[in-house]
Amino acid sequence: MNAQAATLTSGTLTLFSQGASSIARHTDALFGAMLLLCSAMALLIAGLIIGFCVRYRRGNATDRSNPPSNARALEIAWVVLPVLIFVGVFAWTTRDYLLLRAAPGDALPVHVVGKQWMWKLQHANGRREINTLHVPLNQPVELIMASQDVIHSFFIPAFRLKQDLVPGRTTRLWFTATQLGEFRLFCAEYCGSEHAGMVGSVTVMTPADYARWLQAGPAEPGLVQQGFALFRSAGCSGCHTAASTVHAPLLQGLAGRMVHLQDGRTVLADDNYLRDAILQPHKDVAAGFAPVMPSYAGQLDESQLQMLLAWLRAGAPADAATSAETPR
Ligand code: CUA
């Protein structure tokens, strides 16, 4: 049992937990550097204050004649040095932030819905879980997250990761777990009376164990297939198929493409464009089409939206029986 798992089961908290994801060492290095920098500055300033207080205290026979009227070199130093340090820290954090934003193309998608007060998760093959997340070791995993009600925040301290789930948006978070074991999962945004109970665990397994675990659940269609089934059962297919008499955009290959809009703008059909197109269809009407689509707001819950979005991201295959979700 590793240190993290011991922490989890014994219930004690340690000051420095060991990082268990690929991003953790970057975050820890940055945190350590900032701690050193701030400590050094605080010590320097406190030392100067105490030193001057002692040296120039009343009654002390220090030479006070001829005080310097300017100290150009010192002034330049205290402007230039902090600027260089701040720009350096900015560049460092920007690099880490970009690393955190760009999921590798082969990341395993896991869909997360936050709601008062639980985490609902679903893997690409359809296997669901609540308040637990099982992931393979040393493989990138991308969480595709949405909230059913208010803002929640998905927080895995051992992975040094936290991401808000914002109602009406899809947010993403990726990581590569680098240590086997079980790690705590928290909601880190106050979301109502049972916020403190919105906790769970992340279990990191060997790839073979994970594959076995994935197959062990009740046989369910994958998310893309569920999305396709919903596309038909919710009535979308009445308009969005070539055979339809209604003039509506075809959805095949739409995700990830640039879309020309009625008002002359061109936008990328990303997660949030597709979500809005379903819930607020009159917001960004595609060029050449009439704004006749009814809104599905209130008719589809977040889990259903995730199914539809997964199917759209997979290219909206008309025969979804064998399709898997392709990374973005
Ligand atoms: Cu969900 Cu706090």
Would you kindly state how much longer the chain becomes between GLU194 and ALA71 on full extension, computed as 0.36 nm times their sequence separation minus their alpha carbon distance, in nm to one decimal?
-> 38.4 nm
Size of charge dipole - the chain - debye, nearest 20, with Cβ of Lys, Arg +1 and Asp, Glu -1, no other charges = 940
Rounded to the nearest 5, the percent of antiparallel DSSP beta bridges in the chain equals 75
Expressed per residue, the solvent accessible area of the range 223-313 in Å² (1.4 Å probe) is about 49
Highest GNM mean-square fluctuation among LEU108, LEU44, LEU173, for the chain with Cα springs under 10 Å, belongs to LEU44
For the chain, what is the calculated [θ] at 222 nm in deg cm²/dmol (nearest 500), taking -39500 (n - 2.57) for each run of four or more DSSP H residues and dividing by its residue count?
-> -11500 deg cm²/dmol
With a 1.4 Å probe and all protein chains in place, put MET34, MET198, MET258 in order of accessible area, largest first.
-> MET258, MET34, MET198
Give the Rg (one decimal place) followed by the Dmax (whole number) of the range 136-240, computed from C-alpha coordinates and expressed in Å.
-> 16.7, 48
In whole percent, the Cα-Cα distances of the range 86-132 spread across 5 Å bins from 0 upward as 5, 17, 15, 13, 14, 13, 11, 8, 4, 0
Using DSSP to define loop residues, name the trypsin sites (Lys or Arg not before Pro) in the range 60-120 whose beta-carbon has at most 14 other beta-carbon atoms within 10 Å.
-> ARG64
In Å, the Kirkwood hydrodynamic radius from C-alpha pairs for the range 223-313 sits at 13.3
In degrees between 0 and 90, to the nearest 10, how far off the longest principal axis of the chain does helix 72-101 point, with axes built from Cα atoms?
-> 20
Radius of gyration and Dmax for the range 59-170's Cα atoms, expressed in Å?
-> 25.4, 82
Under a 1.4 Å probe, counting only protein heavy atoms, CYS236 has an accessible area in Å², nearest 10, of 20
The chain - Kirkwood radius from inverse mean 1/r over Cα pairs (Å) = 23.5
Gaussian network model of the chain, Cα springs within a sub-10 Å range: biggest mean-square fluctuation belongs to which of ALA255, ALA103, ALA216?
-> ALA216
Using a 10 angstrom cutoff on alpha carbons, build the Gaussian network for the chain and name the most mobile of VAL80, VAL199, VAL113.
-> VAL80
In sequence order, what are the phi-derived ³J(HN,Hα) couplings for the range 264-275 according to the Karplus relation 6.51 cos²θ - 1.76 cosθ + 1.60 with θ = phi - 60°, rounded to whole Hz, with x for glycine and proline?
-> x, 6, 10, 10, 7, 7, 9, 3, 6, 5, 5, 4
q = 0.14 Å⁻¹, the range 13-124: log10 I(q)/I(0) [Debye, one scatterer per Cα] | -0.90
Which percent of the accessible area of the range 223-313 is formed by carbon and sulfur heavy atoms (probe 1.4 angstrom)?
-> 59
Can you pull the accessible area of VAL204 for me, 1.4 Å probe, Å² to the nearest 10?
-> 10
Extension gain ARG128-ASP270, at 0.36 nm per residue separation less the Cα-Cα distance, in nm?
-> 48.6 nm
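The values are calculated or read from the model by the stated rules, or taken from the named source; none is laboratory data. Source: prediction; values computed, not measured. Cβ: placed from backbone, ideal geometry, glycine included. Neighbour counts: every protein chain shown. These accessible areas exclude ligands, DNA and RNA; they are computed on the full protein's heavy atoms, side chains included. Shrake-Rupley method; radii C 1.70, N 1.55, O 1.52, S 1.80 Å.
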